[in-house]
Every structure is written in structure tokens, then in C-alpha cells.
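First up is the structure itself, then whatever we jot down about it.
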Amino acid sequence: MARVLHEINLKYRKIETLQKAVEIFSDHDINFHYDIGNMGGGEKIPYVANFSFAELRDMYWDYFLHNDLNNPRKGIFHYTILCDFGVFGGFAFVGWDNLDSFNIAVGALSNSYPLVEREYVAIATIMHELGHTMSLTVDDYRGIDNNVAGTAFTSQWFKFRNYKSVLHYRYVFEILDYSDGSNGREDFDDWSNLDFSYFKSTNFILPKNLSNE
């Protein structure tokens, strides 16, 4: 994930990690389940220094699918690899045939944002990347993953200031939620645009808002 240049008003926070995500989704009548070993998954991956994207894909096959094309976890779970240092800070990727996975380098992100507690960095990035695997991308709205909008006092920083979402680089470590579109001009309703089938039937198209300013 590109580094957010806007780091004003970041506060030290302590949360109950993934349980916070459960509560956030529950507020919108959505059941959020996670498997960190409690449901048969959550395998540890081997230590690999400075692994490549190809090695990341191998981990997906070895530790998520277990090299089984008929693995029932495919199409049910979104696969997540948490590590200290990876290819990037955080990004969603196509594990096999759909955008159903993401990698989060918690150590690298924590080093970039020392004022934010490590577990908050992890859960905020999980929420951010999870949104991508449920179809929320720049294809839908230009405020998502917009580097310029995350840079203080640029025109787009002001333009998208009402988009109060963890998918907005300006707020990724300040607001642990998706936006509901109620914050005024240039806001976007993330919650109403979540596509729960996207991670198992991904369709990449030319960004709809490519020409929008």
C-alpha cells in the first residue's frame, strides 16, 4: 500500500483486533467470521526473507488450497497472509482465478506509522484490503486508493475529504469503517456497494470513472 502522507491527528489506540471487525459488520447486519486456527485454517507459513510475488502465490497454493483445486475453502474464505515484511505494505492479489486474497506486511507498515498501535495497523489494513476483495476499487469511486487525495492540502485532498472510509488513504488509520455515503458532497456509499460474490467471480473492467475529475 502506498504510504499516506497525511499523518495529522493520529492517535494511539488499542482494540480487540479482529473482534472489532466482527462488531463493525454486525452493525450492518452482516456476519463476519474469521479463521486463525479456530476453524481448521490459520496455518503458519515458513520464514522467507524478502519473498517475491511468485513465492506469495506458492504460499496461497500450499497453505490455503493445499494444492487441491477442489478445496472447499475456495470461494468461502478470503485468504490473508500476515507477515512483517512482504512485497508491499498491503495489497489484494489474485491467488488463483479471482481476487480472493491479500498480503499485509504489518512490520513494514508499523515502521511507517510509529504513532499507530501495531494491532490497529493490522486490523485497519485488513479492513482496507478486504474491501477490495468485495469489489470496492477505484473502478467504483475515485476516492478509493487515491494517492493524491491522501496527500495533505492537494485539491483532491479537499475534494474527497467527506469520503470517511478506511478505503481512503487519508483516513485508513483514522477511521475503522467503510463509508455509508451520508457525509455530504463527494462521499460514496461503500456499504451499499459491497459485492459478496466478487471474490469468487471477479470481473476486471476498464475503470468506469477513469475520465472523472
Problem set entry | Around W61: net Lys/Arg minus Asp/Glu count, Cβ-Cβ under 13 Å | -4
Problem set entry | Projected label distance in nm at F88 and S112, using a 7 Å step from Cα toward the beta-carbon | 0.9
Exercise. With each label point set 7 Å from Cα along the Cα-Cβ vector, what nm distance links R185 and I30?
Worked result: 2.9
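Kirkwood hydrodynamic radius, computed over distinct alpha-carbon pairs, for segment 22-122: how many Å, to one decimal? List each step's numbers first, then the result.
Working: mean 1/r = 0.0675 Å⁻¹.
It is 14.8 Å.
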Seminar exercise, completed: Under the Karplus relation with 6.51, -1.76 and 1.60 and θ = phi - 60°, whole-Hz ³J(HN,Hα) for segment 106-114, x at Gly and Pro, equal 5, x, 5, 5, 5, 5, 6, 10, x
Exercise. Whose amide H sits under 5 Å from the amide H of F188, counting only residues 5 or more places off or on another chain, with H placed in the peptide plane?
Worked result: K164, G181
Exercise. Antiparallel as a % of all DSSP beta bridges within segment 17-200, to the nearest 5?
Worked result: 45
For this session: Choose one of T137, W61, T151: the residue whose Cα lies farthest towards the positive end of the charge dipole of the chain (beta-carbon charges +1 Lys, Arg; -1 Asp, Glu; about the Cα centre).
Result: T151
Exercise. Do you know the Lys pair count in the chain for C-alpha distances under 27 Å, with sequence separation 8 or more or different chains?
Worked result: 15
Seminar exercise, completed: Here, A54 and L69, labelled 7 Å along Cα→Cβ, have an inter-label distance in nm of 2.2
Problem set entry | Equivalent ellipsoid semi-axes, the chain, via Cα gyration tensor eigenvalues times 5, rooted, Å | 27, 20, 17
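Provide the packing ranking of 129-137, 23-31, i.e. peptides ordered by the mean count of other C-beta atoms within 10 Å per residue, highest first.
129-137, 23-31
Every number in this text was worked out from the coordinates using simple rules, so none of it is lab data. Since the structure is predicted, the reported quantities are computational estimates derived from the model, not experimental observations. Every residue, glycine as well, gets a Cβ built from its backbone with ideal geometry; the counts of neighbours run over all protein chains shown.
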